1. Which residues, taken from region 17-45, are of a type outside the set (A, V, I, L, M, F, W, C) and within 19 Å of the chain's Cα centre (by Cα)?
2. For region 40-72, which positions are assigned to a helix (DSSP H, G or I) and in contact with a helix residue (DSSP H, G or I) (Cβ under 9 Å, 6 or more places away or on another chain)?
3. Just give me the residues in region 1-34 being modelled with pLDDT under 85 and acidic (Asp, Glu), in sequence order.
4. Check whether at least one residue in region 318-329 is assigned by TED's automatic domain parsing to the domain that holds LEU229, in contact with a helix residue (DSSP H, G or I) (Cβ under 6 Å, 6 or more places away or on another chain) and touching a residue at least 12 places away in the same chain (Cβ under 8 Å), and report yes or no.
5. Under the condition of being touching a residue at least 60 places away in the same chain (Cβ under 8 Å) and surrounded by 13 or more Cβ atoms within 10 Å (Cβ to Cβ), which residue from region 17-32 is farthest from ligand 1 (Cβ to nearest atom)?
6. Being β-branched (Val, Ile, Thr) and farther than 20 Å from PRO61 by Cβ is the filter; apply it to region 184-242 and report the residue that is surrounded by the most Cβ atoms within 10 Å (Cβ to Cβ).
7. Hey, which of the strands (runs of 3 or more DSSP E) in region 132-237, taking only ones fully inside, have at least 1 residues that are within 27 Å of LEU293 (Cβ to Cβ), among the charged types (D, E, K, R) and touching a residue at least 12 places away in the same chain (Cβ under 8 Å)?
8. When the residues of region 302-356 are narrowed to those that are touching a Pro at 6+ places or on another chain (Cβ under 9 Å) and either on the phi > 0 side of the Ramachandran plot or surrounded by fewer than 16 Cβ atoms within 10 Å (Cβ to Cβ) (or both), which ends up modelled with the lowest pLDDT?
Amino acid sequence: MTLKNMLMWDETLFRDPDIFEIDYIPDQFNYRENQLRELAFLLKPGLKGSRPLNAIIKGTPGTGKTTSVKKIFAEIGEIKSKMLTVHINCQIENSRFMILSQIYRQIAGHNPSAAGNSYKRVFESIAETLLEEDRVLLIALDDANYLLFENELNNVLYLLLRAHETYPGTRIGVMVIISDMDVDLSRELDIRVTSVFSPTEVYFPPYSVQETFQILKERVQQGLYPGVLSDSLLDLVVDHTLRSGDMRVGIDMIKRATLNAEKEAKREISHEHIQEAYKISRFLHLKYSIQALRREEKDVLRILVELSRNDEQLTSGKVYTVIKKKLKLGYTVYYEALRKLDSLRLLNLQFRDGRGRTRLINLRYDPDKILQYL
Ligand SMILES: Nc1ncnc2c1ncn2[C@@H]1O[C@H](COP(=O)(O)OP(=O)(O)OP(=O)(O)O)[C@@H](O)[C@H]1O
Ligand SMILES: [Mg+2]
């Protein structure tokens, strides 16, 4: 194609490009009827003005946990009831103060008053608002595994679940959403929290081949023009999606493959367009995990990448001597960062038999790829 043709080319293969955006909430949402019904059952007391039952929502990434909760919360917003719902993204709101401020913002419609507020002050304002307006509160702590560091999950749950002790009459329920299947909350939570939490677990299993195919097919029908992606090539996308275990990879692949086809002014997606797309989409997890890191965690990761270029096995002790010199981080902060990078599956932290505290560290991604996203 000549440059002129390229600039003039305005035919698109997308019927609606928004369908493939990361925060798009699909109209069609199948295969989660049981989970939705169970969640509805748990929160129902809240609609009548009592405290909703607590829940732990568990399932690997991309199994529809966030979408389910957002859909239910949207429905609740449409009916007249005493219950207010607040969805918290713990990747962003990752401290007790930030979470409480966000809750206050959402129920009051404005920021907590005066800068320099303590979390206790903000919490008091939340409780007062609930009591004054006779409201029940249901909070979803989404991606709560981000709160496992520095004990924040315990701190937040303690405050929310024991609110009625300090502010009699408050009714607050919590849904904790966790995508890391290795996390065992009964081990992570303090006794002072578990004694009031008693959650019901709602499990989101991975989608089967057929389900994945159908979900992606619906997106294709809504988002692309007919004939752009054949069923047999969609099978290839499904294959890659199942291998990565995350529906997002499939959705992202379809978007990229379509853009690849458009770039070549083709009307149909080819095998190559999909393979090219997969080269990028398969790192979706890496990209989002890195985005969610704090500054010092990124610094630690960067040093790990540098050190991994020497052929030696990385150990937590050896790495720390470098970190101490370059970043001036304390050991505890450094070790918490390692734990977080491990739980995000960016690296693997392993005990070495009989050698005290030191751990073996192995990066799970190619160092160059990590640098690219850092
Ligand atoms: N049953 C479904 N029907 C249509 N789209 C779905 C379905 N399940 C998941 N998706 C889509 O897959 C993507 C991931 O879903 P969602 O964000 O709800 O997963 P999640 O379980 O919260 O994942 P994570 O643990 O990584 O946060 C979203 O784009 C969502 O629209
Ligand atoms: Mg989610």
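The values are calculated or read from the model by the stated rules, or taken from the named source; none is laboratory data. All of these numbers come straight from a predicted model, not from anything done at the bench. Neighbour counts are summed over all protein chains in view; Cβ atoms, including those assigned to glycine, are modelled from backbone coordinates with ideal geometry.
1. Just the residues of region 17-45 that are of a type outside the set (A, V, I, L, M, F, W, C), to begin with: 17-18, 21, 23-24, 26-28, 30-35, 37-38, 44-45.
Listed by number, the residues that qualify are GLU21, ASP23, TYR24, PRO26, ARG32, GLN35.
2. Residues of region 40-72 assigned to a helix (DSSP H, G or I): 40-47, 65-72.
Those that are assigned to a helix (DSSP H, G or I) and in contact with a helix residue (DSSP H, G or I) (Cβ under 9 Å, 6 or more places away or on another chain): ALA40, LEU43, GLY46, LEU47, LYS65, SER68, VAL69, LYS71, ILE72.
3. Across region 1-34, the qualifying residues are ASP10, GLU11.
4. no
5. The extreme case among them is PRO17.
6. Filtering region 184-242 for residues β-branched (Val, Ile, Thr) gives 191, 193-194, 196, 200, 202, 209, 212, 215, 220, 228, 237-238, 241.
Add one more test, that the residue is farther than 20 Å from PRO61 by Cβ, and what stays is 191, 193-194, 196, 200, 220, 228.
Numbers: ILE191: 6, VAL193: 20, THR194: 16, VAL196: 15, THR200: 14, VAL220: 24, VAL228: 21.
Looking at the filtered set, the residue picked out is VAL220.
7. On the way: elements: 136-142, 171-178, 200-203.
Those strands (runs of 3 or more DSSP E) span 136-142.
8. Looking at the filtered set, the residue picked out is ARG309.
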